[in-house]
Structure formats: structure tokens, C-alpha cells
1. State whether the residues of segment 144-151 include one that is buried (at least 19 other Cβ atoms within 10 Å of the Cβ), out of contact with any strand residue (DSSP E or B) (no Cβ under 8 Å at 6 or more places or on another chain), among the polar types (S, T, N, Q) and closer than 28 Å to Thr53 by Cα.
2. Looking at segment 3-43 only, could you name the residues that are under 16 Å from the mean Cα position of the chain (by Cα), open to solvent by less than 20 Å² (accessible area, probe 1.4 Å) and more than 23 Å from Asp65 (Cβ to Cβ)?
3. Name every residue in segment 99-136 that is open to solvent by less than 50 Å² (accessible area, probe 1.4 Å), in contact with a helix residue (DSSP H, G or I) (Cβ under 9 Å, 6 or more places away or on another chain) and among the hydroxyl-bearing types (Ser, Thr, Tyr), in order of residue number.
4. I'd like the full set of residues that are loosely packed, with under 13 Cβ neighbours inside 10 Å and within 15 Å of Thr150 (Cβ to Cβ), limited to segment 79-98.
5. Pairs needed: first member in segment 169-181, without any contact (Cβ under 8 Å) to a residue 60 or more places away in the chain; second member anywhere, part of a loop (DSSP other than H, G, I, E, B) and open to solvent by 80 Å² or more (accessible area, probe 1.4 Å); C-beta distance under 7 Å; at least 6 residues apart or different chains.
6. For Tyr70, work out the one condition from (1) out of contact with any Leu (no Cβ under 8 Å at 6 or more places or on another chain); (2) surrounded by 15 or more Cβ atoms within 10 Å (Cβ to Cβ) it doesn't fulfil.
7. Can you give me the number of residues within segment 1-39 that are without any contact (Cβ under 8 Å) to a residue 60 or more places away in the chain, assigned to a loop (DSSP other than H, G, I, E, B) and hydrophobic (A, V, I, L, M, F, W, C)?
8. Do you know which of the residues in segment 153-163 that are over 12 Å from Leu131 (Cα atoms) and without any contact (Cβ under 8 Å) to a residue 40 or more places away in the chain is surrounded by the fewest Cβ atoms within 10 Å (Cβ to Cβ)?
Amino acid sequence: MKGIVFTEFLELVETKFGLETVNEIIENSDLKSNGVYTAIGTYDFAEMLSLITNLSEKTKVSVSDLLYTYGLHFFHVLKDNYPAIVKKYDSAIDLLSSIDSHIHVQVRKIYPDAELPKFDVVERTDNSITLIYTSSRSMYAFAIGLIEKTFHHFNSNAKISHTLINEDGSKVKFVIVEDEQ
């Protein structure tokens, strides 16, 4: 997993819960990196899982809710660090339909070894999209936060529903319907 995901997660934890919490979850996690991350480095996903699990235990906030909140936060990281990618699109539906065919292609140019989730477009209309999310990391709640912020970025809202295809969350169907304006 790319280091930017770790550095931004720890920044979010510090902002929401304080530096003491950051230090505590690092100390309570089994981290090969010792909790020292660079944005361009690559780290084991098990470290993120350990950090977020320890944060959940400390804060009594579910892992799913923490991932969702992190997804909300991470959209701004993407938009601020890679504005050309986001500016290419005229709507949230356009952007979402291009995750695998354009956005992840661009991400791989920057981070060739990035392990990215897959988003297959099942159906698309002018105001809706159905996606199949596939990832061994089962971070679909993170994806929900990103999707929600994508609509907010385009001054819109959407009803986002999801169905677990695989019980572990490694494959999820999203049905997203943009609110009429």
C-alpha cells in the first residue's frame, strides 16, 4: 500500500483525535516500519489494518465508520495533489465511470507498484451508475466516502447503496443515483 495512504491516515487521526492517539495506535500496532512512513514509500497493508483496528478499539468507532471518514478526507488529498485528474471530468458520474479506464491508469504512472481496487461499470445512465468494487483489502467503506465527496465536489448529492457480493467485503455492488437538482 502506498505511503500517502498511511501519512494521510495518521494526519487525519491527529486532527480528529490528537497526537497522543497517533502515538498510542503506533505503539500498540505491530509495524515493520515502526510507524515511519513516506508518501512515496510502499508498506504492508497489514500495518494499515493494525493501525485502524487499534484506533477503532481506542475510540470505540467502528472500523467501517473510520474508513468512511477517511474516504471523505482522502478525496481532498487526491483533488489537491492531482487536480488535473479531477478537473478532466464534468460530473461525478463521468469521473466514477472512468476510475479504472483513466484515473487508475494515471495513478499507475505515478505509482507503478500501486495495488488498486477494481471498479467495473455494470450500468450507467446520465444520473446513475452501478459499479462492482473488487479488492482483497475490503475497504469499500473508504470507497463510499470517496464517492460521496466526489458528488459534493461537483455540487451534487447521490443516494449510494451497496450490497456485499462477498461476505468479507472484497466484492461489493454499488448502486449510485444522483439526486435531481
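1. yes
2. Once the filter is applied, which keeps residues that are under 16 Å from the mean Cα position of the chain (by Cα), open to solvent by less than 20 Å² (accessible area, probe 1.4 Å) and more than 23 Å from Asp65 (Cβ to Cβ), segment 3-43 yields only Gly3.
3. The answer is Tyr111, Ser128, Tyr133, Ser135.
4. Listed by number, the residues that qualify are Asp80, Pro83, Lys87, Asp90.
5. Once the first residue is without any contact (Cβ under 8 Å) to a residue 60 or more places away in the chain and sits in segment 169-181, its partners that are part of a loop (DSSP other than H, G, I, E, B) and open to solvent by 80 Å² or more (accessible area, probe 1.4 Å) give Ser170/Ser136; Lys171/Ile165; Val172/Ile165; Lys173/Ile165.
6. Checking Tyr70 against (1) out of contact with any Leu (no Cβ under 8 Å at 6 or more places or on another chain); (2) surrounded by 15 or more Cβ atoms within 10 Å (Cβ to Cβ), the one that fails is (1).
7. Taking segment 1-39 and keeping what is without any contact (Cβ under 8 Å) to a residue 60 or more places away in the chain, we get 3, 6-7, 10-11, 13-39.
Within this subset, residues satisfying the condition of being assigned to a loop (DSSP other than H, G, I, E, B) are 18, 29-39.
After this cut, where a residue has to be hydrophobic (A, V, I, L, M, F, W, C) as well, the list is 31, 36, 39.
Residues that pass the stated criteria total 3.
8. Initially, segment 153-163 is screened for residues over 12 Å from Leu131 (Cα atoms), giving 153-159.
With without any contact (Cβ under 8 Å) to a residue 40 or more places away in the chain added as a condition, the list becomes 155, 157, 159.
Values: Asn155: 8, Asn157: 14, Lys159: 11.
Per the stated criteria, the residue is Asn155.
The values are calculated or read from the model by the stated rules, or taken from the named source; none is laboratory data. None of these values were measured; they are calculated from a predicted model. So basically every Cβ, Gly included, is an ideal-geometry build from the backbone, and we count neighbours across all protein chains shown. All accessible areas refer to the heavy atoms of the entire protein, side chains included, with ligands and DNA or RNA removed. Shrake-Rupley method; radii C 1.70, N 1.55, O 1.52, S 1.80 Å.
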